[in-house]
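S.K.: Take this structure, written in C-alpha cells, and hold onto it; I'll ask about it next.
The values are calculated or read from the model by the stated rules, or taken from the named source; none is laboratory data. Just so it is clear, the structure is predicted and the values come from calculations on it, not from any experiment. Cβ sites come from the backbone with ideal geometry, for glycine too, and all protein chains shown count toward neighbours.
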Amino acid sequence: MLDTYGLSQLPHKVKDLPVLPQAVLEVLQVLRNDNLSAEHCIQLIEKDPALAARTLRLANSAFYGAPGRVARIADAVSMLGLRTVSGVLAAAALTQAFPASACAGFDFAAYWRHGLAVAMSARSLASHCGLDPEQAFLAGLMHDIGQLVLAAHFPAAGNAVQALMTSTDVPRVRAEQTLLGQDHCQVGALLAVHWRFPAPIVEAIAQHHAPPPAAASAPAALDLTGLVHACDAVAHALDLAGLAEEAVPEIDLSVWTRLRLDEARAMRLFASVEGGVRDMCAALSL
C-alpha cells in the first residue's frame, strides 16, 4: 500500500512525543506494584500544580460525594486511592500532550466523553469479572488513544477516514484499515508502549475491537481486553459522546456471554456511568 498519508513516520512521531510527567509515571507504577510509597507519589503530585488541581477537583466532585471538603492532596489520594488517581493523572497528561488546538476537525470533547464512559463501565464491571477495577479504568480511558495520535499528527489521514465513514457508513476500524493499512488500535498500542503502560493495558488497547478467543484453561473468564471490548459497545449504546454518526460497534458474542450482564445490573451501570461522565468531565475541565 502506498504511504499516501505519511504513516511511515508514525514510529518516529510517537518516539518524539514527550514522556508522561514523572508524577504520572510514578503513580502508574502502582498498577504493577502495590508496595510503592503513596507518600512519594503525593509529593510528586503536589509539585505539579496542574496535576494537583485536577486531583483535588476530582476528589471534590459530586461523583465522589465530598464536594468542597477535600483540600489536601494526601486526603484526595486517601479517598480516591492511588489507582484511581493514576487514571486521572494520565488523562490530565493526555490533554496536555494532545490539546484540542492540535486536532483541527476532531471532536475532542466527544472523544473524552466516550473514553470516560468506557473507563467507568470497565471499572464498575471489573470486580464482577475478577479483574482489577483501576487497571480496567485506565485501559478503558486509553483504549482509543490512537485516534488522538492520528488526529494530531496525521490530520489528512484522519479527515480521509472520516469522509469514508460518512460516505459509506463503514465502521472506523474498517475505514482506517482500508485507507491506511493499520488502525487506531495499533497506533494506540505504539504510544502505550512508549508511555510504559502495563502489558495488559497495551494488549487491551491493541485488541479492543478484535479480542482473542477465551483461554482453554479458563473458558468462562473475561480478560481485560474482552472487558474493554464489551464496555466500548456499552458506551456507544449510551451515546454520551453526542456524535451524529454514533453507532454501536460489532461485539463478540462470546465476550458478551462471559460478561454475564443481567438487566438489573445493566440499568444500574447505565445510570452510574451517565452521572459519572458528567462529573468527571467537569473535574478534568474537559
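S.K.: If residue 37 passes every condition in (1) assigned by TED's automatic domain parsing to the domain that holds residue 232; (2) among the polar types (S, T, N, Q); (3) modelled with pLDDT under 70 but one, which one does it miss?
M.R.: So the condition that residue 37 fails would be (1).
S.K.: Would you call residue 187 crowded, with 17+ Cβ neighbours inside 10 Å and either among the polar types (S, T, N, Q) or touching a Leu at 6+ places or on another chain (Cβ under 8 Å) (or both)?
M.R.: Yes; evaluated as a whole, the condition is true for this residue.
S.K.: State the number of residues belonging to region 206-246 that are more than 11 Å from residue 118 (Cβ to Cβ) and surrounded by 14 or more Cβ atoms within 10 Å (Cβ to Cβ).
M.R.: 14
S.K.: Here is a follow-up. Out of 178, 225, 166, report the one residue that is assigned to a helix (DSSP H, G or I), at pLDDT 90 or above, farther than 26 Å from residue 260 by Cβ and of a type in the set (Ser, Thr, Tyr).
M.R.: Every option except 178 fails the conditions.
S.K.: Given the condition over 16 Å from residue 123 (Cα atoms) and of a type in the set (S, T, N, Q), answer yes or no: does some residue in region 199-215 qualify? Outline the logic, then answer.
M.R.: Restricting attention to region 199-215, the residues satisfying the condition of being over 16 Å from residue 123 (Cα atoms) are 199, 202-203, 206-207, 209-215.
Filter once more, so that each one left must be of a type in the set (S, T, N, Q): 207.
Yes, because at least one residue in region 199-215 is over 16 Å from residue 123 (Cα atoms) and of a type in the set (S, T, N, Q).
S.K.: Can you tell which of 53, 71 is part of a helix (DSSP H, G or I) and modelled with pLDDT of 70 or more?
M.R.: 53
So that you can scan it fast, the table gives a plain yes or no per residue for (1) assigned by TED's automatic domain parsing to the domain that holds residue 123; (2) outside any helix (DSSP H, G or I); (3) touching a Phe, Trp or Tyr at 6+ places or on another chain (Cβ under 8 Å); (4) modelled with pLDDT of 80 or more:
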residue: 5; (1), (2), (3), (4): no, yes, yes, yes
residue: 85; (1), (2), (3), (4): no, no, no, no
residue: 104; (1), (2), (3), (4): yes, yes, no, no
residue: 111; (1), (2), (3), (4): yes, no, no, yes
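S.K.: Would you confirm, using the coordinates I've provided, whether residue 152 is closer than 16 Å to residue 106 by Cβ, touching a helix residue (DSSP H, G or I) at 6+ places or on another chain (Cβ under 8 Å) and either outside any helix (DSSP H, G or I) or modelled with pLDDT under 95 (or both)?
M.R.: yes
S.K.: If you don't mind, there's one more thing I want to ask. Tell me which of these residue 125 doesn't satisfy, since it passes every other one: (1) modelled with pLDDT under 90; (2) over 21 Å from residue 171 (Cα atoms).
M.R.: (1)
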